[in-house]
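To start, the structure under review is shown below, and the notes come after it.
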Amino acid sequence: PACPTFFQSPSRSRRRDHPPLRKPVPAGTRPDIMATNTSSPPKCVALLTAGGLAPCLSSAVGYLIETYTKESPSTRIICYKSGYKGLLLGDSIEVTDKIRAQAATLQLHGGSPIGNSRVKLTNVKDCIKRGLVKEGEDPQKVAADQLVKDGVDVLHTIGGDDTNIAAAALADFLATNNYPLCVIGMPKTIDNDVVPIRQSLGAFTAAEQGARFFANVVSESTANPRMFIVHEVMGRDCGWLTAATAAEYQKYLRNHTLLPELFVDQERLGVHAVYVPEGNIDIEAE
């Protein structure tokens, strides 16, 4: 039978320990994001998405808008376009009553409706090169001043490791310089490697969709018994996504309708899968 090899692509990031996986949150349930004993709700909150794509960005934006609308309808909501780039440029969109009423629509779409970028507030040279700040300006101060100008009390940053490191640095800058603002980082990454978060936003769906894609490839391989399949799955250093994708594929087979009498069976479709951790591999030797 065709023999796929799941292997993890190389990464530039540092290594880290990773906590065990927990079961995904059932559909229809969501954690509370509003404090229950606050003396007064925020007057204005801002959202931005940044970093690499993940299948949760649109949903996260939608859930935030829905929850604020339900729990604190008087709170104004704005979205900065293209992540930290939009924050530096003051480029934002107001969440209108119509958007609030139809925010659930975002659960049906991928990508990020408000756009992403990989701009880092701590990379001054890059911000100057992109024309986001002027020579001699501190991007963190420019961002902080823009938040004050927009009247933002709470900034929600939806992103992965780099995005939340930038969010933490911005929060430190705000606190050190007495800006009365709060930054809340939401861990988004298909790699599921943000410690101590046990399951980051987007990770489970990425594994599920990767398995579905692989199932289509395996089905086509039945027409060519000499086919050798290599299914590359990215995942930075922790390897979770590679292993989870393989596990989801096996789960798919167990729950799929088969026809053993015509060779549509576990033996043929449940092909050998090898998880290869990051490192140099001698294909000839293997």
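Data table
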read-out: Residues located in the range 67-104, provided they are free of Cβ contacts under 8 Å to residues at least 40 places away in the same chain, open to solvent by less than 40 Å² (accessible area, probe 1.4 Å) and among the hydrophobic types (A, V, I, L, M, F, W, C); value: Ile77, Cys79, Val95
read-out: Failed item, numbered, when Ile184 is tested on (1) under 15 Å from Leu87 (Cβ atoms); (2) touching a strand residue (DSSP E or B) at 6+ places or on another chain (Cβ under 9 Å); (3) open to solvent by less than 40 Å² (accessible area, probe 1.4 Å); value: (3)
read-out: Options Leu258, Leu262; residue that is at pLDDT 85 or above and open to solvent by less than 70 Å² (accessible area, probe 1.4 Å); value: Leu258
read-out: Sole exception among (1) open to solvent by 10 Å² or more (accessible area, probe 1.4 Å); (2) closer than 20 Å to Ser82 by Cα; (3) under 14 Å from the mean Cα position of the chain (by Cα) for Ala171, by number; value: (3)
read-out: Within the range 56-102, helices (runs of 4 or more DSSP H) holding 1 or more residues that are under 27 Å from Pro139 (Cβ atoms); value: 57-71, 84-89
read-out: Residue within the range 38-53 that is of a type in the set (Val, Ile, Thr), touching a Ser or Thr at 6+ places or on another chain (Cβ under 7 Å), open to solvent by less than 30 Å² (accessible area, probe 1.4 Å) and at pLDDT 50 or above present; value: yes
read-out: Helices (runs of 4 or more DSSP H) wholly inside the range 126-240 containing at least 2 residues that are under 30 Å from His256 (Cα atoms); value: 203-221
read-out: Which listed residue, of Arg198, Arg226, is basic (Lys, Arg) and either over 20 Å from the mean Cα position of the chain (by Cα) or open to solvent by less than 50 Å² (accessible area, probe 1.4 Å) (or both); value: Arg226
read-out: Hits in the range 105-125 - residues which are loosely packed, with under 14 Cβ neighbours inside 10 Å, of a type outside the set (Lys, Arg) and modelled with pLDDT of 95 or more; value: Thr105
read-out: Number of the exception - Thr29 against (1) modelled with pLDDT of 95 or more; (2) under 19 Å from Met186 (Cα atoms); (3) among the hydroxyl-bearing types (Ser, Thr, Tyr); (4) in a loop (DSSP other than H, G, I, E, B); value: (1)
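Here is a yes/no grid of residues against (1) in contact with a Cys (Cβ under 8 Å, 6 or more places away or on another chain); (2) basic (Lys, Arg); (3) over 21 Å from Ile281 (Cβ atoms):
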{"residue": "Asp191", "(1), (2), (3)": "yes, no, no"}
{"residue": "Arg212", "(1), (2), (3)": "no, yes, yes"}
{"residue": "Asn216", "(1), (2), (3)": "no, no, yes"}
{"residue": "Ala246", "(1), (2), (3)": "no, no, no"}
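The values are calculated or read from the model by the stated rules, or taken from the named source; none is laboratory data. Computed from a prediction, not measured in an experiment: that's the story for all the values here. Counting neighbours? That spans all protein chains shown, and the Cβs are built from the backbone with ideal geometry, glycine included. Side chains are part of the model used for accessible areas, which takes the heavy atoms of the whole protein and leaves out ligands, DNA and RNA. Shrake-Rupley method; radii C 1.70, N 1.55, O 1.52, S 1.80 Å.
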